[in-house]
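For reference, the structure discussed in these notes is given below.
The values are calculated or read from the model by the stated rules, or taken from the named source; none is laboratory data. Computed from a predicted model, the values in this text were never measured in an experiment. We work out accessible area using only protein heavy atoms, side chains counted, and drop any ligands, DNA or RNA first. Shrake-Rupley method; radii C 1.70, N 1.55, O 1.52, S 1.80 Å.
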Amino acid sequence: MVLPPIHYQSIDNSKDVIDFCNDYEINFNKGNVIKYLVRAGEKNGESELKDLNKALDYLNREIKFKQTLK
């Protein structure tokens, strides 16, 4: 098993973001929101604000998708 980068690992290294999303059956958009929130300010070369905006983009995509289902 390849270990995920440190910016995706849990504090105790028991789970990474992919494991968490799989456990809770979280879809792609929601999973990316979680991914970018977890790594915000942790990945070298990426600003926290940039990752927060990426999370917001995926959240807005999920909201638009849910609105089309009504």
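The single condition among (1) modelled with pLDDT under 85; (2) open to solvent by 60 Å² or more (accessible area, probe 1.4 Å) that Ser10 does not satisfy is (2). If you go through region 14-31 and keep only what is outside any helix (DSSP H, G or I) and either open to solvent by 90 Å² or more (accessible area, probe 1.4 Å) or among the hydroxyl-bearing types (Ser, Thr, Tyr) (or both), you end up with Ser14, Tyr24, Glu25. Taken together, the residues in region 32-70 that are open to solvent by 60 Å² or more (accessible area, probe 1.4 Å) and part of a helix (DSSP H, G or I) amount to 18.
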